[in-house]
Amino acid sequence: MSEGISIGTISGGSQQIGGSGSTFSQVVGGPSAPGPAPGPGPAGGHGGRAPEHGLYVFADIVGYSKFTARLQKTSQDYLASLLDDGIAEADVSPKLVAWQDQGDARMTRFPSSVDAGKILAVLPRFLNDELLARNQDMAVHARIRIRMAFTMGASVPGATGLVGDAPIAVARLINWDPFRHAMAKAGDAQVGVIIDDHLHGQYVRQNFRADLDSGDYTPVRVFYADKGFDAAAWVKLFGWTGGQVAALFASVYPQATPG
């Protein structure tokens, strides 16, 4: 994924992302025609906009490159509808979120008004339940599994992309090789989740919700030596205990497991 991430304005529209040709569309009030990217303004190129705090969710299809062209098309459609249904299941209108499609992946930004804990609890579980029901009737090569990453933080639209640690971090988490390899090995896990340390500390560790069990999450250290990225994170694989996930990561990439 490109470093530059840009986002549509609140009034609607979509803009290019990092020159790759993908878009991050603001769908408040329904889809609209593409609009111009925000130009530089007096406040450091951000047009004087105040940072917006929100929850970022990145969902990616496991093993997408191995699908046939026909299955790639159907899996893209399925991912989009599945995420919309999961968002609605968490009592959030899909029209209130901004999203970016990247073929086998969708990045979503929720506004600060949503209940982040409820999204974190309900959305992955909904996807897991739906995938379990779907995949039991499918041949192995046609089964769809999903990786998900969650971060929270502030960002502002810059001249060439969304500026802030949170949108960069969610892309780092979803694309982290040990997470990819762990999901490849855990073939019976329909959904894998990786969340940043802030979300874990605020919503999981404190046990605010009965449907967020801290014992399901395993600590990992996500780092990219070439990008200077080093962050604590937490992983959950549906159908696996925290201990089983820790052992899996120790076998995949021992340096990723603290201690």
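Which whole-number percentage describes the relative contact order of the range 202-259, with Cα contacts under 8 Å and a sequence gap of 6 or more?
30
Using +1 on the beta carbon of Lys and Arg, -1 on that of Asp and Glu, and nothing else charged, what's the dipole of the range 47-256 about the Cα centre, debye to 20?
So the dipole magnitude of the range 47-256 works out to roughly 380 debye.
May I ask you to compute the full-extension gain from D177 to K95, defined as 0.36 nm times their residue separation minus their alpha-carbon distance, rounded to one decimal in nm?
Gain on stretching D177 to K95: 26.3 nm.
In straight Cα distance, which lysines are under 19 Å from K95, not counting same-chain residues fewer than 8 positions off?
K95 reaches K118.
Compare the peptides 170-179, 207-216 by average per-residue count of other Cβ atoms within 10 angstrom and give them in order, highest first.
170-179, 207-216
Among 119-129, 66-76, 83-93, how do they line up from the highest to the lowest mean number of other beta-carbon atoms within 10 Å?
Answer by packing, highest mean first, reads 119-129, 83-93, 66-76.
How much length is gained on full extension from A50 to D165, taking 0.36 nm per residue of separation minus their Cα-Cα distance?
The A50-D165 span can extend by a further 39.9 nm.
Once the Cβ-Cβ distance between F229 and R205 is put in as r, and R0 is 22 Å, what FRET efficiency do you end up with, to the nearest 0.05?
Computed FRET efficiency for F229 and R205 comes out at 0.45.
Stokes-Einstein D for the range 47-256 at 25 °C, 0.890 mPa s, Kirkwood Rh over Cα pairs, in µm²/s?
Translational D for this selection: 140 µm²/s.
Only Cα pairs under 8 Å and at least 6 apart count here; give the relative contact order of the range 84-167 as a rounded whole percent.
Worked out over the range 84-167, it gives 19 percent.
Full-extension gain between D213 and M138, please, as 0.36 nm times their residue separation minus the C-alpha to C-alpha distance.
Taking D213 through M138 to full extension adds about 24.0 nm, to one decimal.
Using a 10 Å cut-off around each Cβ, can you sort R143, R109 from fewest to most neighbouring Cβ atoms?
Result, fewest neighbours first: R143, R109.
Relative contact order, percent, of the range 47-256 when contacts are C-alpha pairs under 8 Å separated by at least 6 residues?
It comes to 21 percent, rounded to a whole number.
Values quoted throughout were computed directly from the atomic coordinates according to the rules given, and no laboratory measurement underlies them. Note that this is a predicted model, so its numbers are computed, not measured. Reconstructed Cβ throughout: ideal geometry from the backbone, glycine too, with neighbour counts over all protein chains shown.
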